[in-house]
Structure formats: structure tokens, C-alpha cells
1. For the ranges 753-763, 300-310, what's the packing order if you count other beta-carbon atoms within 10 Å of each residue, average per peptide, and put the highest first?
2. What number does the range 564-608 give for Rg over Rh if you use C-alpha atoms and the Kirkwood radius?
3. Excluding Gly55 itself, what net charge comes from residues whose Cβ is under 15 Å from its Cβ, given Lys and Arg +1 and Asp and Glu -1?
4. What accessible surface, in Å², does a 1.4 Å probe find on Trp447, ignoring ligands, DNA and RNA and rounding to the nearest 10?
5. Find the all-direction average of the projected area of the Cα convex hull for the range 187-265, expressing the result in square nanometres with one decimal place.
6. Considering all projection directions equally, how large on average is the shadow of the alpha-carbon convex hull of the range 116-250, in square nanometres?
7. Do you know the relative contact order of the range 200-247, to the nearest whole percent, from alpha carbon pairs under 8 angstrom that are 6+ apart?
8. With every protein chain left in place, what is the accessible area of Ile369 in Å² (1.4 Å probe, nearest 10)?
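The values are calculated or read from the model by the stated rules, or taken from the named source; none is laboratory data. Predicted model, so just to flag it, every value in this text is computed and none were measured. We place every Cβ from the backbone using ideal geometry, glycine too, and count neighbours over all the protein chains shown. In case anyone asks, the SASA skips ligands and DNA or RNA and just uses the protein heavy atoms, side chains included. Shrake-Rupley method; radii C 1.70, N 1.55, O 1.52, S 1.80 Å.
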Amino acid sequence: MSFLFPGTPSSRLGGKGAALAKLGEAGFDVPAWFAVPPEAQWSEGELAACLTDLGAGPFAVRSSATMEDGAGHSFAGQFETFLEVPAAEVAERIAAVRDSARREAVLTYCRERGLPLPEPPTVLVQRMILPRYAGVAFSADPVSGRRSLAVVSAVAGTGEKLVSGEVDGETWRISSESSEMPENALLKEAEARELAKLARDCAAYFGRPQDIEWAIDEAGKLWLLQSRPITTLAGVPDPDDTLRVWDNSNIAESYGGVTTPLTFSFARRIYESVYREFCRLMSVPAERITRADDVFPQMLGLIRGRTYYNLASWYRVLALLPGFQLNRSFMEQMMGVKEPLPEPLVQKIIAESSVSRGADMRALVGTCIGLIRQLRGLKKQVAEFQARLDTALAPPPVPLESMSGEDLVIHYRDLERQLLKRWDAPLVNDFFAMIYYGLLRGLCGKWAGDQDGTLQNELLAHTGGIISAEPPRRIIRMAKLAAELPGLPELLVNPDTPAQEKLAAVKRHGSLSAEFQRYLDDFGDRCLEELKLESPTVRDDASTLLSSIGALAMRGNLPEEVATSQAEAPSLGNPLKQIVFGHVLKHAREKVRCRENLRFERTRLFGRVRAILRELGKRLHADDRLAAPEDIFYLELDEVLAAWEATGTIVDFAALAQQRRIEFDSFRNEAAPPDRFETHGPVHRYSAFEASRKEEPVVAGEHIKGIGACPGKVKGRVRVVLDPRGARLEPGEILVAQQTDPGWVVLFPAASGLLVERGSLLSHSAIVSRELRLPCIVSLSRITTILKTGDLVEMDGSTGEVRILTEEEA
């Protein structure tokens, strides 16, 4: 039974009273009670009548403030509570509970949490249960976060001392399968399980985990005294939830820093479609692809605005192919993953992907046949893909800026149909590049004694025909032309000179102007963070390119272009081994070259998509749907397309974009999550992420170990560059960066060496540095924070070692 003091509205029950009223209506056994709102006045007869309705005393008198026992703040123990109160003292205790709203402890609680000062609370008067045992129970473990584990605490007599922390009582931990029983238990296991069920029933009723107070009377009846949300659990992950391992490895080369919603939604869509297509191309049985249907959309994750590989999804896709145990190590090399997935998770993936022996053999044979067919037809496939791409990216009959919004969406859908969902040749080539690169590394070590990768790097250097190595050569060429023009280099490096004035100066000189225009025609879509749709291209902003040309021109002694030959395969003294080694080397060179060149074609495609979406931003702005055209980057791709296809649920694009912009700006202003970390369940439960790898501090004289990507020893001072825009290297300096995408190549000609925090032997920086013979080490953990500009180091691109020189050596 529950009721309000006469003449007061139900809205004045307060937090605790509202919960008890609902529980009583739902049929839970709650001792009879009534609520006295703070404004209520009563005569002695009215109060006595209410107490008579509750039955014989004594009574419990406690608070039920509006803010109390809510989802955000519990106010547990802050207001006064009185137990075993005789009827004659109830009025006095009601007044004391009201007055406790001004206790110093309550005021401090509010100040620490930024809460307004509370009003006097509603007071609950409840029939007092004289218990044999009492205590609290949690429907989920508030310490470990396990939602499947109920926690029951009990004491003899009333539970007030347990709630206040005066005594510990006994604690049970109860899952659906087992109970953890304390020694010399007060409760029987059946009673503990009944209490766990009561807590879970309350949680089911309220729709969130609950913290309840209970009592068992002398007759053995269980009473529910109150129920409130577990306020601390929302920020505690559940260790029983799905384990995910996040690693940014090579993905940071393409999507470093904060990535906008438009770019991430586009990237996620592409990864899903292309890797589903990859499995089909590799002749993976259709039913196995269907079984992994939920894996493909989870290849990438966005954590605090930053893009990560969801490693388990990558392993699950690879497990669809034969030779998983061997290929996983090749994949780790290609992705730059420094440590494998935890072995229990790997074994779980293997178990998930296993089928009957007969089905497995049929799948293995079919996939192997598919692999052979794809390898034999790869050159033709690449040529057909190139022709299809050139056709799709031919200048449209109507310029993009003159198209209607609907025509732009149709153009995007056409690109998606022709290329984005048919990214066959790059996928197949990437897979074989991974295989042959891994095989070459193994053969160099096993047959040629190349334990540190030096021979492999030598063999893959100067494979020729890598288009990403062409921009640095063109920049050197333009620097030589600029050096012959008095005053021009100084103008180009001057940060105060507007970019338009620099462009005008370049165009006044015929040969330089022609070379510069040719660079824009061929590489105008290349830019910093070139796979981010929000990134301006070189065509949009050529200031970094112009500064680099000027800086190189001022240095003088620019290198001459010389023809270099490939290293010969080592003599193995065994004809059969020599043939096998030559075959693997030939294919490794071809596939690595093709991989980097097809990445350039990806740049062209992304450039067209970027231009389409920028134009759509202008259309939405013109229709007053966005505050500014660039706000389109804070919408997701499907939301943008739906604006013209009438398939969305969003109307106020401007408000949504503004909300996301504020959120993503906050991500930019906070420390980035670690390069690798683990989560269980929803990421929003984490306020911080713990790095999987513990890094030791590095001092002068010590060696820092990475992966040697291009051989060569260099001693010099470093320049740490986090943003290459406007950066300038002095002669002999070693460039230190977190990652380098094709937009960084404008700095490569000026560097004497390259140290990169992230990346692998197949990353852009490794491939281009080998082609340019620029000593390079990748995968140097924390190198941009260990070193500071001006530090003197010695690097060895063969062994992957960097040594910080002492002051004496300097």
C-alpha cells in the first residue's frame, strides 16, 4: 500500500517514492508507506490517521528528494534516515529529514558534482520491517562491470550499517550458472538466489541495472525496501562482452588524426563492399561469405573521431581463405601490425570458420583453383580495370559545377557501380603482393641468411615504374629551374607571400610554368591525407608544393637524375632454389610496383568523389539546408545521398552538422587514443583507453628499434614534422614523422633520411624511399615524442636502428 499525504499531487513523490510506487503497482512486495511532500502541512489527527493505515509501528522515516536515486546521481546516504521510529516521534523525524537538505555533507556533494542546491525533500514514512537479515543486492557487479553477475550483501538485523559502510557483511556473487558462497554464510543459497532474482526482476522492470535494499522478516518473507539505478555502471565496460582489438597501424597513413563523418562513412562502405567482392573473386563458397555477412561492415571503427582497424574482422575475413595460419603472418607484415591478435581470440576465429572436413576440402580446392586462375589472369585484369577506370573518370560532358544535385548523385552512383563495388584488380594484386612479399622475406632469411631484411630491401629497391616516386623527381626538376631565376626561390619560401602571388610569379617563367602545370595535371589530386574527402588537393592549395620548390632551389647542389639498376638475386648454389627464388622475386617486384601504382589510381577516384561531394555541399547550402558548403563533411554519405533520393529521416541537416562539428572539434582538442588497445562491448562505456603495449622511456645513447625499409646509414640532426604544410628542412636534416601519405613527398627531396612512427614495409613511405634510395626506417613507436627537432641521431636503414647521440658525440 502507498499513498500521498492528503491534498498533494503525485508529481511530488520524489525519486525514491516514485520508484516504490511503480514497484508496488507492478506487484513487488513493498512495505506499506506514504509520502509527505515538503510543502505539506498537517494536523496531529491527520498524521495519526495515516500512521494507523500503515499498521502498528515502529516506522522508517527517510528522504525522497527529486534528484535522489536517479540515473545520474544517487545521493546515497546524504540525507537523514531514521529507523524504528515510534508513532509519537514521526512528526519530529519528518522535520529532521527536511532540514538535512542543508547539511554540509549534502552541500559538498552538490558542489563537487556541479548540481544545484537541493530543496527540502519529500519524506517517506514506511512500516518498519524488523528483519532477521537485511542488506543490498545489485543486479550487475558494479565493480567488475559484469552484467551477468548479481552481487548480494547481507547482515543480521537491519541493513543500515551495511549501507552506511559501518560493517562489511557477507557477499555472494551469483551468475545464472554458479554461486560464489562466503564462509559461514548467514543466507541459504536458495535465499541468495531469490535475492539475485529480485534484483534482476527490478532491473528488467525499470530497463536498467538496479541497486536494491531488501529485508527478510522473522517469518522468512522477503521484502523490497527500495530500488534505484546503479549510477556508476554506465561508464564500466562488461568484461564478458565481445573483445575487440583496435590497431591503427597502416590505416593511420591514410586516415591520420580526426576523420570527419562523411569520410569515415564512405571508407566503411568501400571496405565492406570491396572485401566482400575480394572473397567472391577468391572463389570462397557463397555460403561461407553469407555466414560472415556481419563481419564486412566491421572492418573499420571510428573511436573518438579516429579510424582504426577492427583486427578480429580482418582475421575473420582471412580465415575464409586457405592457409590461414601462414597468411595471417603475411597480413600482419602488410598491415604493419606489431603484435598478433591474442591467441584465444585467434583460436575462436578458427573454430568459427571451421566446417566439416569434406566441405573444408571442397572449399580449399575451389579457392586454390580460384587463386591460380586469378594469378594467371592478373595482368589482363589490371589492364581491364585501368581501362574501366579511365572511362569512368573521363571528363563528364557537363562540368560538375554545372550539374544539378540529382545529376551529381547519379554520377556518384555510376562511379560506385563501375569502380567502388568492382575494385577487383587492386584487391587481387594486394593479396598476391602480401603473399609474395612474405615468401621473399622468408626465402631471403632461410636460403640467403638475410636475418634483418637488408637483402630483401635491396632487391625491392629501384623496381622502376613506381609512379609515387615521380613527384619528388619533378619537384627537384622544378627547383633547378627556379634556382636559375633571381629572387624567385626567396619569394616562394616567404610564408607572408600569398599563394596567388607565388603562382603568378611561377607562371611568368615559361619552362617552370609548363613543368608546374604538368605536375598539377598528373598529380593534382594528391594531397596531405589524400583519402580524407575533406582534404584540399594540390589543385586547391599549392602553397606547400611552392614552398618546397623554393626551399630546394635555395639549397643548391640538387641531386642529378641517374639511372639505377635493380640488385641481382643472390647466388644460392642450387639450381632449383635459384629458380624458385627468381620466380618469387619477380612476382614480388611486379606486385609491389602494381600495388603502389593502383593506389595512385585510387587517388584519382577519390579526387572525383571529393569533387562531387563538395558540389553537393554547395547545393545543400544554396537550399538553406547547411550553414556552409563544407558542413557536408559532418554528414554521413547515406544522409547526403538521401537528400536527393528521398530515402532518409533527417530534415534539419544544419543542426545535425553543427552538433557533429562541435563533437569532432572536441576530439581534435583531446589526446588521441593509443595506437593499439582493446575494448569489451560498447566503446561509449570507456572514458579512456589503455595501450596494449607498455613503452619504456628512451635516453641518449640507447637504440630505438623499428623496421628497416631502405638501407643506408645517416648521422644528422632531426626535424620532427607533424604537419608538412609550410615545413622546411635544412640541409642534412632527417625527417621524422608520424606517418607519410603521398602528400608528404614534397619534403622527401630535402631529407637525408626518413624516420616514421607508423607503417610497414609495404607502406607508401617504405616503397617510395626505396625507389628514391632515401634511407628509411618505419614502425618506430613514439619516435615523434621521443625525439625533438635538433636532436642528433644515427640511423641505419638496414637494421632499423636509431641511436640518439649524447652531447659528447654531438
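1. Details: 753-763: 25.8, 300-310: 20.7.
The densest-packed peptide leads the list: 753-763, 300-310.
2. Numbers: Rg = 15.8 Å, Rh = 12.7 Å.
Result for the range 564-608 is an Rg/Rh of 1.24.
3. On the way: positive: Arg127, Lys221; negative: Asp29, Asp53, Glu84, Asp217.
Once positives and negatives cancel, what remains is -2.
4. Estimated to the nearest 10 Å², Trp447 gives 70 Å².
5. Working: hull surface 35.8 nm².
Across all orientations, the range 187-265 yields a mean hull projection of 9.0 nm².
6. On the way: hull surface 50.1 nm².
One quarter of the hull surface, i.e. the mean projection, equals 12.5 nm².
7. On the way: 39 pairs, mean separation 13.3, N = 48.
Normalised by residue count, the contact order of the range 200-247 is 28 percent.
8. 100 Å²
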